[in-house]
Structure formats: C-alpha cells, structure tokens
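Beneath this line is the structure, given in structure tokens, with notes to follow.
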Amino acid sequence: MGANDKPMAHANVSIELLRLGFPFGNAVTKEILGLPAYEKWFTSRFSVATFENEMKWYSTEWTQNHEDYRVPDAMMSLMRKYKIKVRGHNVFWDDQNSQMQWVKPLNLAQLKAAMQKRLKSVVSPYAGKVIHWDVVNENLHFNFFETKLGPMASAQIYQQVGQLDRNAILFMNEFNTLEQPGDPNPVPAKYVAKMNQIRGYAGNGGLKLGVGLESHFSTPNIPYMRSSLDTLAKLKLPMWLTEVDVVKSPNQVKYLEQVLREGFAHPNVDGIVMWAGWHAKGCYVMCLTNNSFKNLPWATSSTSSSPSGRRTARPPPPITMGRWSSTCP
C-alpha cells in the first residue's frame with residue numbers, strides 16, 4: 001500500500017521470516033536464570049523449550065513434604081516473556097532409579113497420597129502454560145508405578161493428568177524406538193500397544209494423546225527410523241522428536257543432520273526438540289554453543305536443499321534458527 005492506503009502497482013515486497021513455523025526447540029537449564037548471554041542465545045533461536053530437570057519430581061520435592069517450584073516458576077516466566085512454548089517434562093518417571101529415596105518404601109496408600117500431591121503441585125499450576133506433558137516417562141523400559149499400582153497404572157495416571165489439564169497434549173516419551181532396532185522393549189509395535197492400552201482405558205477416550213520419541217542416537221539407522229515413524233503415524237496422533245542428540249564421534253555432525261532431515265521431512269512429525277541444554281561444566285551429550293555462547297562450528301550450518309526420496313520437500317531447520325529473508329517481485 002502506498003500513500004493514503006492506496007494500492008501501488010509493480011511494487012517490490014520483502015518478507016523477513018524471523019521464526020520457523022515448524023516447532024523447533026531445545027532443552028534449557030536453570031543456568032539461564034540471571035545469565036543474559038544464555039538468555040539471548042536461547043530465546044533468539046528456539047520456539048520450544050523443555051526444562052532439562054527442573055520440573056521433575058526429584059527436583060521439586062527431593063525431601064518429602066518440602067516442595068520448591070521457585071526455579072521452574074522463574075524459568076516458565078522467562079519463556080512466557082519471549083512467547084516460547086514449554087513442554088512439561090515430566091509428571092512421573094517410571095524408572096526405579098529416578099525415584100527419591102523416600103518414595104521407594106511407601107506403602108500403597110502413602111504412595112497414592114504422594115502422587116496426588118505431586119499431580120496437584122505440578123499439573124494444576126502449569127495447566128494452560130505448557131503445551132505437552134510427558135506423563136509417565138519411559139514406561140516401556142521401566143515399570144516402577146505398575147509394580148506398585150498394577151498393570152493399568154499408566155492409563156490411570158494419564159486420566160488424572162487429563163482431568164487437571166484438558167488442553168495440553170499428553171505424551172508417551174520413550175527412547176530407542178527410533179534409535180536401536182536391537183532393543184526389544186520399545187519397538188514400534190509395543191509402543192502402539194501401550195498407547196492403545198492408555199487410550200482404551202475406561203474414561204480415556206477423550207484424552208489428547210501424543211507420541212514422544214526421545215531420539216538419543218549413536219549411529220542412526222535411517223531406514224529403520226523412517227519405518228518406525230511410518231508405523232507410529234498409524235496411531236494418527238501428534239508425533240514429536242523430543243530429546244534429539246547424537247553421541248560424540250567423527251561422524252557426529254553427519255549423523256545429526258541425517259536425523260534432523262529425516263524427522264523434519266516426515267509428514268507426520270509435528271515438532272523437534274534438541275537435547276543440548278547448556279551447562280557451564282559440560283552438556284549431557286552434545287553442546288551447540290561454547291561457554292561464551294558462540295555457536296560451535298558445526299552448529300551454525302544449515303541447508304536449503306530438500307532430502308531426496310522424501311514425501312515432502314521441507315528442508316531441515318537450521319540449528320541456529322537464524323533469520324531467513326525472501327524477496328517477492
């Protein structure tokens with residue numbers, strides 16, 4: 001439009017895309033609080049955040065009846081300031097070794113009471129503030145709550161979370177479903193069976209459920225990854241890669257690009273979150289930045305070419321989430 005809001009003939013129009021429409025995120029750590037350089041680096045690159053540990057039960061109630069949500073509350077406020085969406089990770093973790101020492105000896109009534117308190121302390125306050133919940137983390141590999149509450153424990157917990165937060169998508173979240181064909185616990189068929197058990201449980205028909213795939217790779221088997229995604233897509237549920245990283249090796253960069261391309265190109269993958277939360281003393285497996293918040297050399301590359309042989313022409317997201325520009329005649 002020109003002067004007086006009248007159309008202009010033969011005008012050149014420039015469009016600057018500041019953020020990708022495809023959700024692309026990263027894990028974030030409590031070190032972001034009070035560290036402007038980390039805050040700037042993270043918030044300028046990612047549209048989704050997962051708190052690495054700060055929302056987990058052992059981080060908020062390490063000692064029984066001493067709950068402390070000050071850190072995740074502050075992190076949530078920061079993400080909301082920048083309109084960055086947050087995945088709730090996690091409500092419960094089915095791993096025996098991830099329970100606090102005070103949880104393990106509880107009798108059935110005591111455990112149920114502690115779990116109800118946990119649900120009300122984490123799900124209720126963050127309802128409407130998170131887009132997803134990882135409800136019972138890694139419940140194909142582990143079964144702590146099933147051994148205590150019975151074989152339908154996960155389905156019952158999903159129901160309770162859904163009653164407290166009717167808007168967030170409730171995810172399973174599992175490792176090795178895409179990464180390791182030799183791991184018998186989380187193969188796609190078992191993932192589908194567990195998901196169907198959860199949504200087939202009485203009263204769970206209306207739950208918003210999602211497929212979470214951690215994606216901790218060593219050497220990716222891309223044909224197997226693609227086949228697994230195809231199988232899981234038949235559930236017709238939202239599907240995310242939730243914790244993407246690749247172990248250090250001479251081929252780390254190559255493998256990471258292969259995984260991101262495959263995930264981004266698959267028409268049923270709705271978002272990707274990296275698992276590269278920054279720590280001053282070193283990252284979990286993979287870092288994207290040094291301690292001065294300068295991108296590591298391999299974390300600055302991007303490409304505009306489309307993966308060959310895919311069912312979509314979407315290019316992979318640049319890790320740096322830099323500005324893209326386009327000029328239209």
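The values are calculated or read from the model by the stated rules, or taken from the named source; none is laboratory data. Bear in mind that the values here come from a model prediction, so they are computed numbers and not experimental data. Positions of Cβ are generated from backbone atoms using ideal geometry, with glycine treated the same way; all protein chains shown enter the neighbour counts.
State yes or no: is residue 306 more than 22 Å from the chain's Cα centre (by Cα) and either among the acidic types (Asp, Glu) or modelled with pLDDT under 90 (or both)?
Details: more than 22 Å from the chain's Cα centre (by Cα): yes; either among the acidic types (Asp, Glu) or modelled with pLDDT under 90 (or both): yes.
In short, yes.
Under 18 Å from the mean Cα position of the chain (by Cα) and β-branched (Val, Ile, Thr): does that describe residue 269?
Taking the combined requirement at face value, the residue satisfies it.
Say we look at segment 139-188 and pick out the residues that are in contact (Cβ under 8 Å) with a residue 40 or more places away in the chain and small (Gly, Ala, Ser); which of these is farthest from residue 203 (Cα to Cα)?
So the residue we want is 168.
Give the number of residues within segment 189-210 that are without any contact (Cβ under 8 Å) to a residue 12 or more places away in the chain, under 22 Å from the mean Cα position of the chain (by Cα) and not in a helix (DSSP H, G or I).
Looking only at that region, the number is 0.
Suppose we filter 230, 134 for residues that are buried (at least 17 other Cβ atoms within 10 Å of the Cβ), at pLDDT 95 or above and not in a loop (DSSP other than H, G, I, E, B); which single one remains?
Working: 230 fails: buried (at least 17 other Cβ atoms within 10 Å of the Cβ).
It is 134.
Filter segment 74-128 down to residues that are surrounded by fewer than 17 Cβ atoms within 10 Å (Cβ to Cβ) and charged (D, E, K, R) and give me whichever is nearest to residue 166 (Cα to Cα).
By that ranking, first place goes to 120.
I need every pair where a residue in segment 98-115 that is in contact (Cβ under 8 Å) with a residue 24 or more places away in the chain has its Cβ under 8 Å from the Cβ of a residue that is of a type in the set (Lys, Arg) and surrounded by 12 or more Cβ atoms within 10 Å (Cβ to Cβ), sequence separation at least 6 or different chains.
Listed by first residue and then by second, the contacts come to 98/56; 108/148; 111/148.
Could you grab the pairs with beta carbons closer than 9 Å, sequence gap of 6+ or different chains, first residue in segment 120-136 and over 10 Å from residue 90 (Cβ atoms), second one assigned to a helix (DSSP H, G or I) and hydroxyl-bearing (Ser, Thr, Tyr)?
That search, which allows pairs on different chains as well, returns 121/60.
Have a look at 39, 52 and point out the one that is crowded, with 22+ Cβ neighbours inside 10 Å and of a type outside the set (A, V, I, L, M, F, W, C).
Working: 39 fails: crowded, with 22+ Cβ neighbours inside 10 Å.
Residue meeting the stated conditions: 52.
Could you list, in sequence order, the residues of segment 152-183 that are among the hydrophobic types (A, V, I, L, M, F, W, C), crowded, with 19+ Cβ neighbours inside 10 Å and not in a strand (DSSP E or B)? Steps first, please.
At the first step, the residues of segment 152-183 found to be among the hydrophobic types (A, V, I, L, M, F, W, C) are 152-153, 155, 157, 161, 164, 168-172, 175, 178.
With crowded, with 19+ Cβ neighbours inside 10 Å added as a condition, the list becomes 153, 155, 157, 161, 168-172, 175, 178.
Result: 153, 155, 157, 161, 168, 175, 178.
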